Every structure is written in structure tokens, then in C-alpha cells.
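Colleague: One structure coming up, written as C-alpha cells, with questions to follow.
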Amino acid sequence: MSLHSAFPYQLYLVISEKDCLGKNFLKVAEQSILGGVDIIQLREKDASTEDFLFKALKLKEITDKYNIPLIINDHSEVAKKVDSAGIHVGNNDVSPSALRNQQFFKNKIIGYSIEYLAQLENEYTELSDYLGVSPIFSTNTKRDTVTEWGLEGLSKIRSLTSKPLVAIGNINISNANAIIKAGADTIAVVSAVCAAENPEKAAFTLKNEILK
């Protein structure tokens, strides 16, 4: 496994209030950082801009305290207002090239979700800092996906690009190490940490799986 110096994060938490199942999502975020999470993305698909911004500002206080990058999912205005470390976009969101044309995003982290192999040929992939390979295994937290990549699909993508690969989709303690071995630089988790009884312990255990 090569760890890209431009994206040196191994355990990536994607968090939303809903995915924390009634627990305080800010506490879950802090516990996950203490357990070993390296980077956090706030994904609030159904929140109003005002609510998203409020949550992002609160979360940024925690990520700043621990010097952890905060990525905003798909909402460039919220990303700008909280001065996030970056943004993550998919096929139906604002494109990486449109973002790079904005002064704010020139030197920010841009992540881009890969749902088709053909996307590896486009300029969006070229302009992104990492590629989200989504989903590795299908999951209830994200139902609008096209391809379930599996380990073979992930290996195929790894053979076609040198970009850092962030694998997401039903990743947990039982498959994390296999996903790294198949070519992911980073594993991204949602429920494996957010829904865990002890998020700090869950993050710690996952991080150790990656480092094996």
C-alpha cells in the first residue's frame, strides 16, 4: 500500500446526526478522533443550509481543536462559510472543475466519487485530490449508488489510477484489512463508528486493522 503524502489520512469518518442514532454527533466525532480517525466529512443530505451550517461550525470547533481536516459533503457555500479543509462531490453535484475555478477551492481538498470506470478518464478525476470508491459493498446509508465495486472492482480502479483511493460502503472490522490490501489508501466508515456503542474503541480497532 502506498500512502500518498498529499492525502496522508488512513481512517476517514463520514458523519451525520442521523447516523449517530440519537447520540450527540459532536461527542461521537470527538470520541472517534481520540480513537484514531484522521479526517471527518460532514454529510447532511436532508438538512437546510442553515442547519447544515450550524452543525458544520460546531463540528469545526472540534476538528480544529485536534487539527483534523473537516470535509463538507456537496455544499460549497457551507464549505466556504466554515473555511473547511475541503469538499466531497459526486456525479450529481457541482463538478471538481467548477470548484477549482473558484478562488476558495484552488488549494482545498476535493474528493470525487467514482461510480463508473469511465470516470477515471475525465478531467474531474484529474482535478481531484482523492477518489471515493463508492460503495465497496452496498449499504443502507447510501441507496442512490450505481455499482457495488467489491474487492475486485477496487483492485481494478487501483490498477488504472495513481490517485489516492478512499473506499466506502459497508466497511467494518471484518473487511477493513482486505480492502486496504485490495488497493485502498484510506477506509471511510459511517455506521461502524457512528452507530457503535463506544465510538472511540470502534475507531481504535479499525485503525489497528488498517495498520496491520
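The values are calculated or read from the model by the stated rules, or taken from the named source; none is laboratory data. Keep in mind the model is a prediction, meaning the values are calculated, not measured. Quick reminder, even Gly has a Cβ in these numbers, built from the backbone with ideal geometry, and neighbours come from all protein chains shown.
Colleague: Give the residue that is surrounded by the fewest Cβ atoms within 10 Å (Cβ to Cβ), with candidates limited to residues of segment 39-55 that are within 27 Å of ASP185 (Cα to Cα) and hydrophobic (A, V, I, L, M, F, W, C).
Modeller: Within segment 39-55, the match that is surrounded by the fewest Cβ atoms within 10 Å (Cβ to Cβ) is ILE40.
Colleague: Please enumerate the residues belonging to segment 43-79 that are basic (Lys, Arg) and farther than 18 Å from VAL94 by Cα.
Modeller: Selection gives LYS55, LYS58, LYS60, LYS65.
Colleague: If you don't mind, there's one more thing I want to ask. Name the single residue that is surrounded by the fewest Cβ atoms within 10 Å (Cβ to Cβ) among those in segment 56-76 being more than 17 Å from ASP46 (Cα to Cα) and hydroxyl-bearing (Ser, Thr, Tyr).
Modeller: TYR66
Colleague: Quick check: is even one residue across segment 195-203 modelled with pLDDT of 95 or more and within 13 Å of the chain's Cα centre (by Cα)?
Modeller: Within segment 195-203 (the criterion being modelled with pLDDT of 95 or more and within 13 Å of the chain's Cα centre (by Cα)), the answer is no, since none of the residues qualifies.
Colleague: What are the residues in segment 82-102 that are over 18 Å from the mean Cα position of the chain (by Cα) and of a type outside the set (A, V, I, L, M), if any? Steps first, answer last, please.
Modeller: Within segment 82-102, the first condition is being over 18 Å from the mean Cα position of the chain (by Cα), and the residues that meet it are 97-98, 100-102.
Across segment 82-102, the qualifying residues are SER97, ARG100, ASN101, GLN102.
Colleague: Identify all residues within segment 186-212 that are over 19 Å from ASP19 (Cα atoms) and surrounded by 23 or more Cβ atoms within 10 Å (Cβ to Cβ); write none if there are none.
Modeller: Residue satisfying the conditions is THR186 alone.
Colleague: So how many residues does segment 71-108 have that are of a type in the set (A, V, I, L, M, F, W, C) and closer than 21 Å to GLY169 by Cα?
Modeller: Residues that pass the stated criteria total 4.
Colleague: Here is a check on your reading of the model: is ILE187 in contact (Cβ under 8 Å) with a residue 40 or more places away in the chain and not in a loop (DSSP other than H, G, I, E, B)?
Modeller: On the way: in contact (Cβ under 8 Å) with a residue 40 or more places away in the chain: yes; not in a loop (DSSP other than H, G, I, E, B): yes.
Spelling it out, ILE187 is indeed in contact (Cβ under 8 Å) with a residue 40 or more places away in the chain and not in a loop (DSSP other than H, G, I, E, B).
Colleague: Would you confirm, using the coordinates I've provided, whether GLY35 is touching a residue at least 40 places away in the same chain (Cβ under 8 Å) and touching a helix residue (DSSP H, G or I) at 6+ places or on another chain (Cβ under 7 Å)? Lay out the reasoning, then the answer.
Modeller: Working: touching a residue at least 40 places away in the same chain (Cβ under 8 Å): yes; touching a helix residue (DSSP H, G or I) at 6+ places or on another chain (Cβ under 7 Å): yes.
For GLY35, the condition - touching a residue at least 40 places away in the same chain (Cβ under 8 Å) and touching a helix residue (DSSP H, G or I) at 6+ places or on another chain (Cβ under 7 Å) - is met.
Colleague: I've got another one for you. Can you pull out every residue in segment 69-84 that is in contact (Cβ under 8 Å) with a residue 40 or more places away in the chain and either in a loop (DSSP other than H, G, I, E, B) or of a type in the set (Ser, Thr, Tyr) (or both)?
Modeller: Residue satisfying the conditions is PRO69 alone.
Colleague: Could you go through segment 57-68 and let me know if any residue there is under 21 Å from ILE187 (Cα atoms), under 16 Å from the mean Cα position of the chain (by Cα) and outside any loop (DSSP other than H, G, I, E, B).
Modeller: Among the residues of segment 57-68, at least one is under 21 Å from ILE187 (Cα atoms), under 16 Å from the mean Cα position of the chain (by Cα) and outside any loop (DSSP other than H, G, I, E, B), which makes the answer yes.
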